[in-house]
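Below is one structure, written out as structure tokens; comments come after it.
The values are calculated or read from the model by the stated rules, or taken from the named source; none is laboratory data. This one's a predicted model, so the numbers in the text were calculated from it and none came from an experiment. Ideal geometry is used to build each Cβ from the backbone, glycine not excepted, and the neighbour counts take in all protein chains shown. Ligands, DNA and RNA are stripped out before the accessible areas are found, and what is left, the full protein with its side chains, is counted by its heavy atoms. Shrake-Rupley method; radii C 1.70, N 1.55, O 1.52, S 1.80 Å.
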Amino acid sequence: MLDLAFVRANLPQVEEKLRARGADASPLADFATLDAERRSAITEAETLKAQRNALSAEFGKLKREGADTTAVSEKSNALKAKTEALEAAASAADEKLRDLLVNIPNLPQDSVPLGKSEHDNVSEKIWGQIPTFEFPAKPHWELGVDLGILDFDRAAKISGSRFVVHFGSGARLERALANFMLDLHTREHGYAEVLPPTMVNSKSLFGTGQLPKFAEDLFHCDDKGPYIPGQLQDSDHWLIPTAEVPVTNLFRDETIDLAAGPISFCAYTSCFRSEAGSYGKDVRGMIRQHQFQKVELVKFTRPEDSTEQHEQLTRDAETVLERLGLPYRRMLLCTADMGFASSKTYDLEVWLPGQQTYREISSCSNFEAFQARRANIRYKPEGAKKSEFVHTLNGSGLAVGRTYLAILENYQQADGSIRVPDALIPYMGGETVITKQSLGRTIGGAL
């Protein structure tokens, strides 16, 4: 959420930056009027309170003198009623301003390129050699099904579309990838591992910016009744769209200590997304699933450190791809393609030979104080009297399912088998090649 005082002092600039990211700036047309009404009501109420205080002194003096206090009492009561009405008006205007601000996206940093669509994103880095094959490269949905490690039909039978069942070495590959990523981030990159709940309440989703604007993208549990927009509860439940939500909210309504530097967490969880509005897109394979696994990186930093930490977090995610030998590119998202809460985002896109395209595998974002203001996460700068809002950052390090399918497509062999990347062999129990599986039967130590 944007700072009220900042918006008040920089309204034309805020409107310009919102238009630059393709957002609707028209709600801000009411901002100045609402803010003026609120401030006028507060000022007048304070004036009337001062008048009531003076009348109280006069009332006491008259009472001590045995004089008639009726007129003073009536005037004081009238001032009280008017003051209460003004305070109610100020509160109502304040609520309207809050409702207005919670639906306004974050402002892009000056370093973010202007653009109208994803086609205006800027390629900042290309890494790795795109593989060439002496045979037609297959997409992962053909490779996995032929090997017996992916089953979309049985998943549809038990859960519906956009789900998959992993079998044998395929299931082990998912687990191996998660363990590899967690070990890399905790042992080499300095993240502390955390295992959070995969169900959160409305206040948590508000804190990171998913509610109220993106409710249709989420799965809401009906154990506490339907979700009512504007009513944030402590005891309702939603399935998390990403570990960003519970991990960021670990410090909701807290003042944290950043004297020793940023706090960095990594978390491996299942994630759940309704994929509302994406029907007809990526219907084949594992690109857009309702349930998928992801290793998430989350940082809490001082404002002066957040730019450097954003670059570091992005490098940490890139290292996973490099260790696995997966070609990728880093894209700086333009103003029109950033997420609601982001002030700057890098997308990492992995090359998929079976589809002859790059596909997003991680988004690494700096939210500055946008989430911290919504979730009330603060720190106290050294020597300061008052606390300030932290800056929050996060990124996938990586999306496990998309890394999985990238391995299938980049490491496929002519006979349809999959060579296991060297970095994963210890996590695969020494298995170097994934071959056709025999469903539900163990043969020679492999399914």
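Assorted remarks:
- Relative contact order [Cα under 8 Å, 6+ residues apart], the chain, whole percent: 20
- Ligands, DNA and RNA left out, the 1.4 Å accessible surface of the chain is 49% carbon and sulfur atoms.
- Summing charges over all other residues whose Cβ lies under 9 Å from the Cβ of V102, with Lys and Arg as +1 and Asp and Glu as -1, gives +2.
- Ordered by 1.4 Å accessible area with all protein chains kept, E37, E142 run largest first as E37, E142.
- Computed log₁₀ I(q)/I(0) - Debye formula, equal Cα scatterers, no solvent, region 356-438, q 0.13, 0.17, 0.19, 0.20 Å⁻¹: -0.64, -0.80, -0.90, -0.96
- Measuring spread by the Cα atoms of region 198-274 yields a radius of gyration and Dmax of 13.4, 43 Å.
- Within straight-line reach of K49, meaning a Cα separation under 23 Å, sit the following lysines at least 8 residues removed in sequence or on another chain: K61, K63, K75, K80, K82.
- Sequence of R175, R252 when ordered by accessible area, the most exposed leading, probe 1.4 angstrom: R175, R252
- T33 - accessible surface, heavy atoms, 1.4 Å probe, Å² rounded to 10: 80
- Region 42-95, Rg to Rh (Cα coordinates; Rh as Kirkwood inverse mean 1/r): 1.13
- To the nearest 10, the accessible area of R8 is 80 Å² with a 1.4 Å probe.
- Region 125-161-region 46-83 distance, computed between alpha-carbon centres (Å): 80
- Note that the chain presents 47 Å² accessible area per residue, ligands and nucleic acids not counted, probe 1.4 Å.
- Calculated FRET efficiency, R329 to S111, Cβ-Cβ distance, R0 = 22 Å: about 0.75 to the nearest 0.05.
- Between region 213-259 and region 18-38, the alpha-carbon center distance in angstrom: 26
- Net charge of the neighbourhood of K138, taken over other residues with C-beta under 10 Å away and scored Lys/Arg +1, Asp/Glu -1, is -3.
- Fluctuation leader among T403, T248, T186 - the chain, Gaussian network, Cα springs under 10 angstrom: T186
- Of the listed residues I377, I425, I126, I228, the order by accessible area with a 1.4 Å probe, largest first, is I126, I228, I425, I377.
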